[in-house]
1. Taking beta carbons within 10 Å but only from partner chains, what does the mean come to for residues C:207-216?
2. For chain A, list the cysteines whose Cβ sits under 4.7 Å from no other cysteine Cβ?
3. Keeping every protein chain present and rolling a 1.4 Å probe, give me the accessible area per residue for chain B in Å².
4. Pairs of alpha-carbon atoms within less than 8 angstrom and 6+ residues apart define the contacts here; what relative contact order does region B:363-409 have, in percent?
5. For chain C, with every protein chain kept in place, what is the accessible area per residue (1.4 Å probe, Å²)?
6. Straight distance only, please: which lysines reach the Cα of C:K227 with their own Cα at less than 17 Å, same-chain residues fewer than 8 apart left out?
7. Rounded to the nearest Å, what's the spacing between the alpha carbon centres of region B:73-134 and region B:157-230? Just the number, please.
8. For B:L362, list long-range residues whose amide hydrogen, built 1.01 Å from N in the peptide plane, is under 5 Å from its own amide hydrogen.
Amino acid sequence: MSEQAQPFELPYPAIDPLECKACGRCIAACPKKVIALGTKLNARGYVFAEYAGAGCIGCLNCFYVCPEPNAIAVHVKAKEAK
Amino acid sequence: MEKVIETRGLYKTFPRKGGSALTATHYCPGCEHGVLHKLIGEALADMELQDRTVVISPVGCAVFAYYYFDAGNVQVPHGRAAAVGTGISRTKNNAVVVAYQGDGDLASIGLNETLQAANRGEKIAVFFVNNTVYGMTGGQMAPTTLVGEKTETSPDGRDPLQTGYPLHMAELISQLQAPVYVARVSFSNMAKLKQARQAIRKALEIQRDGKGYAFVEVLMACPTNQKMNVEAATRFVAEQMEKEFPLGILRDRSADVRPLVRAESDYRKETLDRLLHLDTDRAPDAQLDRAAPTLQLKMAGFGGQGVLSMGVILARAACAAGKFTSWYPSYGPEQRGGTANCGVVISGQPVGTPMVTEADVLVAMNRPSLEKFAGEVKPGGWLLYAAEIGEFAAPAGVRTLAVPALDLAKEGGNPRAANVAMVGVLAGLDGFGLPDAAYREALAANFAGKAKIVAQNEAVFALAKRWGEAHRA
Amino acid sequence: MATQLVKGNTAVIVGALYAGCDSFFGYPITPASEILHEAAKLFPPAGRRMVQAESEEAAINMVYGAATTGRRAMTASSGPGISLKQEGVSYLSGAQLPAVIVDVMRAGPGLGNIGPEQGDYNQVVKGGGHGNYRTIVLAPASVQEMCDFTFKAFELASKWRMVVYVLADGVLGQMIEPLRFPETSVAPETDKSWAVDGTAATRPNVVTSIFLNFDQQEAFNHELQAKYAAVAAAEQASESYRMDDADVALVAYGISARIAQGAVDAARQEGFKVGLFRPQTLFPFPQDALNAFVARGGKQLICVEMSNGQMRDDVKLAIECRCPVHLVYRLGGNLVTRDEILAKIRATAQKA
């Protein structure tokens, strides 16, 4: 996981740059269009997806469509959790 | 307060996978196996089923599902998940069995196992990934490949005149009576993904409650073999696959079904002894007596004349008398209507070959048997044949006797007991070292539970024995 | 002690029940079907499970599933069915699962007929599936041994985590003899160190036969070979009849051995110093005892088989061809006769 404790305001998707395979499913599923492929390569050679830093509504779409078990976790306010 | 929504039910790292990327799956980018893994894992974790669960990894791209699921895991031969699942579920009543299979595995090489396990209503949740193509082996046609779809083995597109039509597994299975739940889902948009999530949970709830068979077909594309990016893959699922394979819940009997509980094994010796009737049906151990002659008897006739049971009665009598004995029949279709014969050996020492080729006694109940086997009787041996056969030129040196076995049986009160009459005649003629009580015990044991027949046979035996005694000379 | 007159195929199920077999999965085939019938009759009232599988493949894979849970499981068939089960046997061996298979051999190849034969020797003893695996093979020669060896098969399967065959033939399956029943019954314990049985204790376990890494796969294969060598050292079993002073030994297993025993007696009466060596295990082949015969000056061997010398190959290997190994055989459902064996003895041996 990202080395920063809480880099963004809740809610937000924590995308692990190492685990992203750059398939783009989260990008397509995000209703707010706040995820996009970045420009940097990760250690496994993928141009990983990045969160824009703001605008997440905690819908969890990106989490559920992401095929990599360790690539996305969504941080939400406790009361918003299902 | 913060809450983190993350993957559950799967391992955090995947050491079984080996290599450098121990936190990544082996699946290609954009492949939705990982999505399905996450949904199953989440449901298992939410329902606290991981300690009860055995996940079956198939052959195909999901062959390594056991890298990921934090539960008991077993990897199985191609297409056999439903059979292996049957074995697990039958032996472990409380196990939650999850079979994870692709279209080649489940619908092609394993179609028989799939349908039969479904038809037996095995307690298995089957997750069937239908992506219309073989993934692991490199993009060959699957039973579910769409008409016109190009694969490595349908390079011009699937031609139904040559290769038939896409197989509709959910519909096939929902034709059967036993399955509790059958659904087809996809992940082609978020609403459908949520329905899929519910279907997966339902299938696992049915396992949690031990209610029976659940089948969830999950439509996916294979971005690698179908050479699509995720947008194209999603469109392919939504616009082509879902048209051919309509989504929905085809069957849900879960509210009406009671849990199916399998018995627990009883290993107690007393139970087995009782089941095998050792209390009532037991003979003395055979006693070594090297001086006693070894007798070979052959019984032959039409199937239905009771020649096989005639031999069994003699072997039983020998057993009851503490002799070594064996009985060997001609077997198979020939005993269902054709001719039948059996050989019985009675000895004071362990029996060598159970085959009777040189008979001390031949009992022939019909002419073909008489003619076929008369030559096998040793000089000085007995040749008994049913009197109805009529004239017969006996071989020289053989004690030949036409026995009115049917008349004796009728007279004794059981016209069907000509075979018992022959046993009685044998006992009267010679006895072969077996006491009268042994014969009677054998007759009783052979028809155990049929008191009336036992009584009739006793009468036939007694009558026939007297007839035998009268014909000793 | 209790004795009952039972059929060979029934004796298999008696042995299985007392050995604590939990599950029977099978498919009908003559001359093995009575094993399935008896399981259907006797397993459920003992709380054991019996499923008539849709195919031989399904049956062996149900065994794979039941064995995965650490329970004792078995199937039974005859040649054509054993051919179909070979995939499962290879997987069972690759996953080191204990299982018992009874093969009541009939005549082949192809559909052949239902008469007795011993033509499955190679596919059972040498392993008919893919990969460098072995199975333990027990060869009964009586109804008593049909029971006792089935019982023993479960013990060996658990001890070595291997597939153990009971290799019988149509005669042994169909014949009836007095059977002394087992004096104990076994309540097997699940080995939680490797089993996967849907409990918390076995949740960390995986049963699999795949290693993608070549070196890992090779190392695993070496482990298997070491185990097979240990089995070969520990589990050889045979019976000798009038072998002490014999110049010539008949070598036969199963029903052929009982016929051969009669030939030994007849040949002795004619003045030939002949004995019978009866392997009770075919893998491991009881080569130590056979080599003792050669080492003390045994002159020749005559294999008596209902197969085309399949066992003779193992006899030659066992003694490294240090004496002539002759063959008397019949095929197609026919049994070798005592007189055929005698003729071979007269033709090859010298009177004492």
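The values are calculated or read from the model by the stated rules, or taken from the named source; none is laboratory data. No experiment lies behind these values; they were computed from the predicted model shown. Note: ideal-geometry Cβ built from the backbone for every residue, glycine included; neighbour counts use all protein chains shown. The accessibility values were calculated without ligands, DNA or RNA, using every heavy atom of the protein model including side chains. Shrake-Rupley method; radii C 1.70, N 1.55, O 1.52, S 1.80 Å.
1. Values: counts 10, 9, 3, 6, 1, 6, 2, 0, 0, 1.
Mean number of neighbouring Cβ atoms from other chains: 4.
2. A:C20, A:C23, A:C30, A:C56, A:C59, A:C66
3. Details: 18370 Å² over 473 residues.
So chain B comes to 39 Å² accessible per residue, rounded to a whole number.
4. Details: 59 pairs, mean separation 17.6, N = 47.
Relative contact order for region B:363-409 comes out at 38 percent.
5. On the way: 11420 Å² over 352 residues.
That works out to 32 Å² per residue.
6. C:K126, C:K159
7. That distance is 13 Å.
8. Long-range HN contacts for B:L362: B:K298, B:W382, B:L383, B:L384.
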